[in-house]
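Asks: Let me begin by handing over the structure; questions about it come next.
Just so you know, all these numbers are worked out from the coordinates, no wet-lab data involved. Only a predicted model underlies this, so the values are computations on that prediction, with no experimental measurement involved. For neighbour counting, all protein chains shown are included, and Cβ atoms are generated from backbone atoms with ideal geometry for every residue, glycine included.
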Amino acid sequence: MGLMGGTWTFENRIYVNSSGTAVGPKEAEGPLGQTFDISHEDLHCGEDNWELAERRLMEQAIDQCLTKSNLQTDQVDFFIAGDLLNQNVTSNYVARHLQIPTICMFGACSTSMETVAIGSQLVDSGFANKIVAATSSHNATAERQFRYPTEYGGQKPDTATATVTGAGAVLISQEYSDIVITSATIGKVVDYGLKDPFDMGSAMAPAAADTIQRHLQDLNRTTNDYDMFITGDLSGIGSPILKDLLKEEGIDIDEKHFDCGLMIYRPDQNVFAGGSGCACSAVVTFSHIFNMLRSKEVDRVFVVATGALLSPTMIQQKESIPTIAHGVVFERAERGVHH
Amino acid sequence: MEYVIAFIAGGCICIIGQLLLDIFKLTPAHVMSSFVVIGAILDGFGIYDRFIEFAGAGATVPITSFGHSLLHGAMKGADEHGFIGIGMGVFELTSAGISSAIVFAFLVAVFFRPKG
């Protein structure tokens with residue numbers, strides 16, 4: 001494995017063998033609705049409460065992922081997962097049932113790429129043969145924990161985002177497949193002093209800018225080396241800020257930038273500035289972006305999952321919101337090794 | 001005319017609340033408790049009763065009137081029972097409102113599922 005700055009380039013070919021996605025009703029109605037494996041018509045996903053609903057989404061995403069690779073849970077070496085809830089309850093309760101050695105992580109909405117990066121690293125270094133990386137979020141569980149419960153009726157400003165209901169899982173190994181993971185850039189915690197939990201796009205944009213800039217610098221690449229730069233959930237507010245910040249550094253990603261939070265919903269779905277949450281980058285990347293790679297629409301993409309490390313307790317103590325962004329490069333396998 | 005005055009007076013209170021949310025970034029809980037305290041303070045100067053005479057429901061429906069009722073109850077309790085009466089009377093006028101909030105919240109929770 002190569003280390004350049006904060007970027008890992010994998011020595012071996014690390015493949016995404018399969019992926020699974022499960023989403024809620026609003027995501028199913030959105031423009032990418034057809035690309036997800038499982039869609040629920042009801043936000044409860046057939047369960048009695050919201051936490052169980054989120055857990056079911058993660059279980060279904062993992063189940064889809066393993067079924068596509070024709071694997072049983074005991075053939076997977078490690079389960080690497082995280083979500084947004086306190087004590088990572090979704091991941092840990094899913095892990096209780098999976099009985100795969102578990103590494104649980106928290107990086108807020110950056111967890112999707114954080115788990116993929118760590119999983120790829122383990123597979124590359126030979127400490128694992130097969131890993132499953134999974135993340136989830138649920139609109140009702142997240143809104144209640146980080147903002148207000150819906151019943152409270154608190155107003156949301158237009159800068160707020162809507163937490164995506166869904167879960168995504170990927171199986172990563174060195175066995176040949178059509179999508180390859182070639183490098184990953186681990187984010188730094190960036191804090192520009194923003195304090196508004198209803199405007200996380202603005203808070204996270206500098207973290208994404210830092211990761212993209214360091215990634216290009218570490219690998220001595222330019223934006224021409226990529227077909228897309230995909231951010232997790234900067235939304236309509238954070239995306240222009242990211243482009244401006246990068247422009248100041250002489251990096252122009254305007255034409256190549258896409259945000260999962262803007263891709264997953266139509267603007268008329270009452271989602272304010274766009275989608276957010278761990279599942280936002282996970283379900284869009286593991287379905288739509290992977291499909292684009294497979295159909296040769298794109299050859300190489302850099303997915304930067306952005307996370308607002310928001311704690312309601314810290315916000316009440318007038319602290320600002322630290323943010324982080326982890327990036328992973330996915331390529332079409334036939335393209336060859338690029339180191 | 002009474003309706004128009006009530007509508008405008010009540011609406012002005014709501015505008016203040018919206019400005020507190022949007023410009024001063026207060027949380028809904030802060031706005032609500034501020035209004036209760038403001039209602040009580042205004043009542044302490046005898047202003048709120050005159051406001052009610054003028055605006056009717058425009059003054060009694062917003063949460064500020066809750067503060068006004070708290071103070072009235074406390075003062076009445078103090079008249080009748082002295083210092084300890086403040087505590088006895090403070091929720092007297094508002095007890096029907098508080099009880100119904102609890103009862104209806106319970107009923108709604110029993111019969112309905114949350115939507116989001």
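Asks: Mind sorting A:Y152, A:Y192, A:Y93, A:Y265 by how few other Cβ atoms lie within 10 Å of their own Cβ, fewest first?
Replies: Values: A:Y152 11, A:Y192 16, A:Y93 19, A:Y265 23.
So the ranking, lowest neighbour count to highest, is A:Y152, A:Y192, A:Y93, A:Y265.
Asks: Something else now. Starting from the Cα of A:K296, draw a straight line to each of the aspartates and glutamates and keep only those under 18 Å, dropping any in the same chain fewer than 8 residues away.
Replies: Partners found: A:D178, A:D225, A:D227, A:E331, A:E334.
Asks: Residue by residue through segment A:279-290, which ³J(HN,Hα) values in whole Hz follow from phi under the Karplus form 6.51 cos²θ - 1.76 cosθ + 1.60 (θ = phi - 60°), with glycine and proline marked x?
Replies: Computed from phi, the couplings for segment A:279-290 are 6, 4, 5, 5, 6, 5, 5, 6, 10, 4, 5, 4 Hz.
Asks: Two decimals is fine: what's Rg over Rh for segment B:7-47, C-alpha atoms, Kirkwood radius as Rh?
Replies: Across segment B:7-47, the Cα-based Rg/Rh ratio is 1.01.
Asks: For segment B:1-98, calculate the relative contact order in percent as a whole number, restricting contacts to Cα pairs under 8 Å that are 6 or more residues apart.
Replies: Working: 117 pairs, mean separation 25.1, N = 98.
After rounding, I find 26 percent.
Asks: Do you know the relative contact order of segment A:210-329, to the nearest whole percent, from alpha carbon pairs under 8 angstrom that are 6+ apart? Intermediate values should be presented prior to the final figure.
Replies: Values: 161 pairs, mean separation 36.5, N = 120.
Rounded, it is 30 percent for segment A:210-329.
Asks: Net charge near A:G46: determine it from the other residues with C-beta under 14 Å of the C-beta of A:G46, scoring Lys and Arg +1 and Asp and Glu -1.
Replies: On the way: positive: A:R55, A:R56, B:R113; negative: A:E41, A:D42, A:E47, A:D48, A:E51, A:E54, A:E59.
Here the count lands on -4.
Asks: Now for a separate question. Could you point to the residue in A:F127, A:L98, A:A140 farthest towards the positive end of segment A:58-165's charge dipole, with +1 and -1 charges on the Cβ of Lys/Arg and Asp/Glu respectively?
Replies: Going by the charge dipole, the pick is A:A140.
Asks: Using the count of nearby Cβ atoms within 10 Å as a rough guide to exposure, how do A:I103, B:I63, B:I84 rank from fewest to most? Display every interim value, and only then the final one.
Replies: On the way: A:I103 19, B:I63 16, B:I84 10.
Sorted ascending by nearby Cβ count, the order is B:I84, B:I63, A:I103.
Asks: With the cut-off at 25 Å, tell me which of the pairs A:K256/A:K318; A:K188/A:K318; A:K188/A:K256; A:K188/A:K243 have Cα atoms farther apart than that.
Replies: Working: A:K256/A:K318 36 Å; A:K188/A:K318 22 Å; A:K188/A:K256 23 Å; A:K188/A:K243 19 Å.
In this structure, A:K256/A:K318 lie more than 25 Å apart at Cα.
Asks: If you don't mind, another one. If Lys and Arg each add +1 and Asp and Glu each add -1, what is the summed charge of the other residues whose beta carbon sits under 13 Å from the beta carbon of A:G232? Intermediate values should be presented prior to the final figure.
Replies: On the way: positive: none; negative: A:E114, A:D233, A:D259.
Local net charge: -3.
Asks: Could you line up A:V284, B:V61, A:V298, B:V108 from fewest to most neighbouring Cβ atoms inside 10 Å?
Replies: Numbers: A:V284 33, B:V61 14, A:V298 18, B:V108 11.
The most exposed by this proxy come first: B:V108, B:V61, A:V298, A:V284.
Asks: May I pose another question? Just for the Cα atoms in segment A:122-279, what are the lengths along the principal axes, largest first, rounded to whole Å?
Replies: Principal extents (largest minus smallest coordinate, Cα): 50, 38, 29 Å.
Asks: Given 0.36 nm per residue, what is the gain on full extension from A:E297 to A:D158 after removing their alpha carbon distance, in nm? All intermediate terms of the calculation are to be shown ahead of the outcome.
Replies: On the way: separation 139, 0.36 × 139 = 50.04 nm, distance 3.31 nm.
The span from A:E297 to A:D158 would gain 46.7 nm if fully extended.
Asks: May I pose another question? Which percent of Cα pairs goes in each bin when the distances of segment A:242-336 are cut into 5 angstrom slices starting at zero?
Replies: Cα pair-distance distribution for segment A:242-336, in percent: 2, 11, 16, 20, 20, 16, 9, 4, 2, 1, 0.
Asks: Using the Cα atoms of the protein assembly as shown to build a convex hull, what is its mean projected area in square nanometres?
Replies: Working: hull surface 102.8 nm².
So the Cα hull casts an average projection of 25.7 nm².
Asks: Now for a different question. Let me have the 222 nm mean residue ellipticity of chain A computed from DSSP H runs of 4+ only, each contributing -39500 (n - 2.57), with the sum over all residues rounded to the nearest 500. Numbers along the way, then the final one.
Replies: Numbers: 11 runs with 111 residues, N = 339.
Helices in chain A give a 222 nm mean residue ellipticity of -9500 deg cm²/dmol.
Asks: Next question. I want to verify the translational diffusion coefficient of chain B in µm²/s; compute it with Stokes-Einstein, Rh as the Kirkwood radius over Cα pairs, at 20 °C and 1.002 mPa s.
Replies: Here the translational diffusion coefficient equals 136 µm²/s.
Asks: Counting only other chains, what is the mean number of Cβ atoms within 10 angstrom of the Cβ of each residue in peptide A:148-156? Kindly include the intermediate steps, with their values, before the conclusion.
Replies: Numbers: counts 3, 2, 3, 7, 2, 1, 4, 4, 0.
Other-chain Cβ atoms within 10 Å of each residue's Cβ, averaged: 3.
Asks: Among A:T35, A:T182, A:T161, which one shows the highest mean-square fluctuation when chain A is modelled as a Gaussian network with alpha-carbon springs under 10 Å?
Replies: Taking springs between Cα atoms under 10 Å, the residue moving most is A:T35.
Asks: Still on this structure: Using Cα positions and a limit of under 18 Å, work out the lysines in reach of B:K115, with same-chain residues fewer than 8 apart set aside.
Replies: The reachable lysines, counting only those whose Cα sits under 18 Å from B:K115, are A:K26, A:K156.
Asks: Once the piece of chain linking B:F24 and B:F54 is laid out straight, how much longer is it, given 0.36 nm per residue of separation minus the C-alpha distance between them?
Replies: Working: separation 30, 0.36 × 30 = 10.80 nm, distance 2.89 nm.
The span from B:F24 to B:F54 would gain 7.9 nm if fully extended.
Asks: At a Förster distance of 22 Å, what's the computed FRET efficiency of A:E319 paired with A:Q87, Cβ-Cβ distance as r, to 0.05?
Replies: Values: r = 21 Å, r/R0 = 0.94.
So the FRET efficiency works out to roughly 0.60.
Asks: Want the number for A:C104 to A:D48: 0.36 nm per residue separation, take away the alpha-carbon distance, what's left? The partial results should precede the final answer.
Replies: On the way: separation 56, 0.36 × 56 = 20.16 nm, distance 2.51 nm.
Gain on extension, A:C104 to A:D48, equals 17.6 nm.
Asks: As a test of the definition: which semi-axes, in Å, follow for segment A:214-255 when you take the square root of five times each eigenvalue of its alpha carbon gyration tensor? Largest first, please.
Replies: Details: eigenvalues 68, 27, 17 Å².
Here the semi-axes work out to 18, 12, 9 Å.
Asks: Now, a different point. A:K130: which lysines have alpha carbons under 24 Å from its alpha carbon, excluding same-chain residues fewer than 8 sequence positions away?
Replies: Output for A:K130: A:K68.
Asks: Quick one: compute the contact order of chain A, relative version, from alpha carbon pairs under 8 angstrom and 6+ residues apart, as a percent. Before the final figure, lay out each step's value.
Replies: On the way: 894 pairs, mean separation 83.7, N = 339.
In percent, rounded to a whole number, it is 25.
Asks: Where the only charges are on Cβ atoms (+1 Lys, Arg; -1 Asp, Glu), what is the dipole of chain A about its Cα centre, to the nearest 20 debye?
Replies: On the way: 24 positive and 43 negative charges, 71 e Å.
So the dipole magnitude of chain A works out to roughly 340 debye.
Asks: Which net charge results for the neighbourhood of A:A134, defined as the other residues with beta-carbon distances under 10 angstrom from its beta-carbon, given Lys and Arg at +1 and Asp and Glu at -1? Please report the intermediate quantities before stating the final value.
Replies: On the way: positive: none; negative: A:E59, A:D83.
Neighbourhood net charge equals -2.
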